[in-house]
There are 2 protein chains.
Amino acid sequence: MDVTIYEVAKRAGVSIATVSRTLRGTGPVAARTREKVLKAVEELNFTPSRLGVSLAEGRHAANGIVFPDLAGPYYTEVLLGYEEVASELGRSVVILSTKGRTKVNDLIKDLAGRVDGLAIFGHTVPEPLVAELVRLGVRLVFISREPLSGADTLRSENIASARALAAHLTGHGYERFTFLGAPLASQDDVDERWRGVRAVLGGAIEAVPTREYTVDCGFDAAKQLLGGRARPEAIICSDDEVALGALLAAEELGLDVPGDVAVTGWDDIMAARHARPALTTVRQPMRELGARAARALDELITGARDTHKHLILTTALVVRDSCGHHPQEAAP
Amino acid sequence: MDVTIYEVAKRAGVSIATVSRTLRGTGPVAARTREKVLKAVEELNFTPSRLGVSLAEGRHAANGIVFPDLAGPYYTEVLLGYEEVASELGRSVVILSTKGRTKVNDLIKDLAGRVDGLAIFGHTVPEPLVAELVRLGVRLVFISREPLSGADTLRSENIASARALAAHLTGHGYERFTFLGAPLASQDDVDERWRGVRAVLGGAIEAVPTREYTVDCGFDAAKQLLGGRARPEAIICSDDEVALGALLAAEELGLDVPGDVAVTGWDDIMAARHARPALTTVRQPMRELGARAARALDELITGARDTHKHLILTTALVVRDSCGHHPQEAAP
DNA sequence: TACATTTGTGTAAGCGCTTTCATCGCTAAT
DNA sequence: ATTAGCGATGAAAGCGCTTACACAAATGTA
């Protein structure tokens, strides 16, 4: 990996400018010269140094992405969508997970120096640093975060679907609800979901936190909740993983879902369909979130767009078995 | 992000060499000069260009990783372990997913040009390219692949644990087996598992392929298998995800697991513990695989080691409910 | 006081490319 | 036959850093 353009040029008996032109197809090169150059390239197995190219071009041809963790399907799916599109656009993807990291600021600044633009999940990055990145002119796309100036934002609709979900559940006749997996930060996805359901259910719902949004934490919290005296009729979970935990907790306690308690999730991860009972949830276009982030970043980087977009992708209520049979839909 | 070391030098009234020395702590700098430089750095908000640094240092301070896909917990877990350690060692991680990609060769060569070393999963990369990478002197660590010269290899033990698993199942008294998720490539993990169980079970086991190693594919294949005339007594699956699919298929067909048919997985992903019945499986240290890959690569890159290591991590049989109660262990 | 070290700094040569600009044959038009 | 114009090429100036080397000033030693 260390033969340079100079050696190629020497071997082909031309200047490095000609080699460069031949390889990139910029500027005219005589057919015979091209042959010689390509032959030399072939023989020496030359690949232009990415560093040299980037330095000269003034761009990295790479995108960064910052997420808290990769546990669970949500971030993974978004990442896949992101990487796929970035790759399509000729950009590599540099990842950074912030979970359990000290000196996140340094890591992110380093990352920012290696890429042409950054996608950042929700509130992964401290606000002062966000402000600084904006000030420095770093191209930014936030995923699942409220709009801010100086960056694109991209998220899924939460409030309206939360209301729809809540309304659907009241249609079942439930009257006592718990929101499992209380929001950790204001303005994030879960917070919006919480606000949405509360707007419909008001005092009929109370929030119970989990340590994290994982199956395990959902299981623990649900077990305690369902084992208590005032068991709710329906548990609206912050996301599918917490809901899967709740399903397991109910089973362990010998409770029937949805007979004894209804459970709903959010995201529609693959396991939601496979759970027993299959999980009623809200589908969120995770891959598309990633894909769009990569596209948005590309527009910002290439300069195809110089204003900032704030997009909200639509979600869909997916009714399965875990919320029970809806009275109106019941067969006679 | 475009203030250079020259501007800092000018503002501080020193040469760029002094700025560099101050920032990196190489060479002596008078206290007063240091102050001036740091002040200028602060005021201008200077961050050294990664490109400039890399070009001058002759290293990227970045590692690559190539995987087929990120669907399912296996690759994700390995990736997390890898990223964590790489980051600890001051290296960024550049990812490349090959699934569905044409021109994989170009992508990988490009990747190789952006990093100091590459971790590659199993048989993600065509053999001729592997040979070429080795020839070019690219630092390589393969994850879950048989040893080859010119690269480190790292994998989990498969054959012995497969034998142990098979032996355990025969202890249950089962006599007709199916291996669900037949190997796609020779010498990969699944192939070794298959060879391991066959060594014990011989003609008593037959292999049935799935399209991919996913829940869905496992579900489809298991449904067909279990719906057929000669239903096996036990299904040994290539991995946990296929096994989860098999569990669902059994449920859909009204079959009891392990009563009507035993099912086992491989990997011990989180869902294995949560499945009903909980899945008997073989635990594979996925994060550690990633972590070790990052460490090995670091040794190769820094030159701390110039031979190649071929490591096999140990696995552990995890007996849960899906294989039935073992006769000897049965309570009176 | 004279000389050998250290300290502190600057100069300049890379690192491997891309690209502008100038040059030099040619062909085509006058 | 002249000249404008084009095609093909090379020289050289960056791109933003690190660092070997040179040198002057300050310090220590005899």
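With 10 angstrom as the radius, rank A:Asp216, A:Asp268, A:Asp106, A:Asp240 by how many other C-beta atoms surround their C-beta, starting from the fewest.
A:Asp106, A:Asp216, A:Asp268, A:Asp240
Given points 7 Å out from each Cα along the Cα-Cβ axis, report the A:Ser149 to B:Ala31 separation in nanometres with one decimal.
4.5
Considering only the label points, 7 Å along Cα→Cβ from Cα, what distances in nm to one decimal separate B:Lys10 from the same position in each other copy, shortest first?
Distances to the matching label points in the other copies: 3.7 nm.
Step through the residues of the stretch B:191-207 one at a time and calculate ³J(HN,Hα) from phi using the Karplus curve (6.51 cos²θ - 1.76 cosθ + 1.60, θ = phi - 60°), rounding each to whole Hz and writing x for Gly and Pro.
After applying 6.51 cos²θ - 1.76 cosθ + 1.60, I find 4, 5, 4, 4, 5, x, 5, 5, 4, 8, 8, x, x, 6, 10, 10, 9 Hz.
Between A:Ile312 and B:Glu43, what is the spin-label point distance in nm, taking each point 7 Å from the Cα along the Cα→C-beta axis?
It works out to 4.6 nm between the two label points.
Kindly put B:Leu226, A:Leu317 in sequence by how many other C-beta atoms sit within 10 Å of each C-beta, fewest to most.
Least to most surrounded, the residues fall as A:Leu317, B:Leu226.
For the protein assembly as shown, what is the mean residue ellipticity at 222 nm derived from helices alone (per DSSP H run of n ≥ 4: -39500 (n - 2.57); sum divided by total residues; nearest 500 deg cm²/dmol)?
-13500 deg cm²/dmol
When a/c is below 1.5 the answer is rounded, else prolate if a/b is larger than b/c, else oblate, so apply that to the stretch A:229-309 with a ≥ b ≥ c taken from the square roots of the Cα gyration tensor eigenvalues.
prolate
Over chain A, what is the mean sequence separation of C-alpha contacts under 8 Å (at least six apart), divided by residue count, expressed as relative contact order in percent?
Relative contact order, chain A: 17 percent.
In whole percent, what relative contact order does the stretch B:5-44 give with Cα contacts below 8 Å and a gap of six or more residues? Please list the in-between numbers first.
Numbers: 32 pairs, mean separation 17.3, N = 40.
About 43 percent, as a whole number.
With only Lys, Arg, Asp and Glu charged, each at its Cβ (+1 for the first two, -1 for the last two), find how big the charge dipole of the protein assembly as shown is about the Cα centre; round to the nearest 20 debye.
Its charge dipole is roughly 2680 debye.
Under 14 Å from the Cβ of A:Gly202, count the other residues' Cβ atoms, weight Lys and Arg +1, Asp and Glu -1, and hand me the total.
With Lys, Arg at +1 and Asp, Glu at -1, the net is +2.
Mind checking which lysines have their C-alpha under 28 Å from A:Lys223, skipping anything on the same chain fewer than 8 residues away?
A:Lys99
With +1 on each Lys and Arg Cβ and -1 on each Asp and Glu Cβ, how big is the dipole of the stretch A:1-43 about its Cα centre, in debye rounded to the nearest 20?
On the way: 8 positive and 5 negative charges, 48 e Å.
Once rounded to the nearest 20, the dipole reads 240 debye.
Which one of B:Ala234, B:His310, A:Gly303 is farthest out on the positive end of the charge dipole of the protein assembly as shown, using unit charges on Cβ (Lys, Arg +1; Asp, Glu -1) and the Cα centre as origin?
Of the candidates, A:Gly303 comes out farthest on the positive side.
If you average the alpha carbon positions of the stretch B:278-308 and of the stretch B:150-180, how far apart do those two centres end up, in angstrom?
One Cα centre to the other: 21 Å.
So the label point sits 7 Å from Cα along the Cα-to-Cβ vector; using that for A:Gly58, what distances do you get to the other copies, in nanometres, sorted shortest first?
3.0
For label points placed 7 Å from Cα toward Cβ, what is the shortest-first list of nm distances from A:Val134 to its copies?
5.3
Based on Cβ point charges of +1 for Lys and Arg and -1 for Asp and Glu, what charge dipole magnitude is obtained for the stretch A:50-184 about its Cα centre, in debye rounded to the nearest 20?
Values: 14 positive and 15 negative charges, 54 e Å.
That gives a dipole near 260 debye.
Residue by residue, what Karplus-based ³J(HN,Hα) values in Hz, rounded to whole numbers, does the stretch A:43-48 have, using 6.51, -1.76 and 1.60 with θ = phi - 60° and x for Gly and Pro?
5, 8, 6, 7, 10, x
Measuring from label point to label point, each 7 Å out along Cα→Cβ, what is the A:Asp256 to A:Asp2 span in nm?
Output for this residue pair reads 7.3 nm.
Do any of A:Lys10/B:Lys103; A:Lys36/B:Lys103; A:Lys103/A:Lys309; A:Lys109/B:Lys39 go past 28 Å between their Cα atoms, and which?
Working: A:Lys10/B:Lys103 30 Å; A:Lys36/B:Lys103 25 Å; A:Lys103/A:Lys309 30 Å; A:Lys109/B:Lys39 19 Å.
In this structure, A:Lys10/B:Lys103; A:Lys103/A:Lys309 lie more than 28 Å apart at Cα.
State whether the protein assembly as shown is rounded, prolate or oblate according to the following rule on the C-alpha gyration tensor (a ≥ b ≥ c being the square roots of its eigenvalues): a/c under 1.5 gives rounded; otherwise a/b larger than b/c gives prolate, and the remaining case gives oblate.
Taking the square roots of the gyration eigenvalues as a ≥ b ≥ c, the protein assembly as shown is oblate.
Read the figures in this text as sums done on the coordinates, not as results from a lab. As the structure is a prediction and not an experimental result, all values here were calculated from the model. Backbone-built Cβ (ideal geometry, glycine too); neighbour counts: all protein chains shown.
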